[in-house]
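These notes concern the structure reproduced below.
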């Protein structure tokens with residue numbers, strides 16, 4: 001992926017993460033939702049590292 005593609009993907013992931021976190025119930029959230037949030041955080045971290053290297 002090129003830098004621009006990484007940035008666009010990163011933006012979309014951050015938006016999805018923010019939306020999920022905003023709509024996450026405070027009490028006993030669904031395990032699948034928590035898993036998706038963790039996956040998004042991991043993928044965002046990976047993309048940020050790739051962009052920092054360049």
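The values are calculated or read from the model by the stated rules, or taken from the named source; none is laboratory data. Here the structure is a predicted model, which means the values were calculated and not measured. Please note: Cβ atoms are built from the backbone with ideal geometry, for glycine as well, and neighbour counts cover all protein chains shown.
Structure notes:
Let's see how each residue does on (1) within 20 Å of residue 53 (Cα to Cα); (2) more than 9 Å from the chain's Cα centre (by Cα); (3) exposed (fewer than 11 other Cβ atoms within 10 Å of the Cβ); (4) at pLDDT 95 or above:
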{"position": "3", "(1), (2), (3), (4)": "yes, yes, yes, no"}
{"position": "11", "(1), (2), (3), (4)": "yes, no, no, yes"}
{"position": "14", "(1), (2), (3), (4)": "yes, no, no, yes"}
{"position": "24", "(1), (2), (3), (4)": "no, yes, no, no"}
{"position": "30", "(1), (2), (3), (4)": "no, yes, yes, no"}
{"position": "34", "(1), (2), (3), (4)": "no, yes, no, no"}
{"position": "41", "(1), (2), (3), (4)": "yes, no, no, yes"}
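- Just one of the listed residues (32, 28) is free of Cβ contacts under 8 Å to residues at least 12 places away in the same chain and not in a helix (DSSP H, G or I), namely 28.
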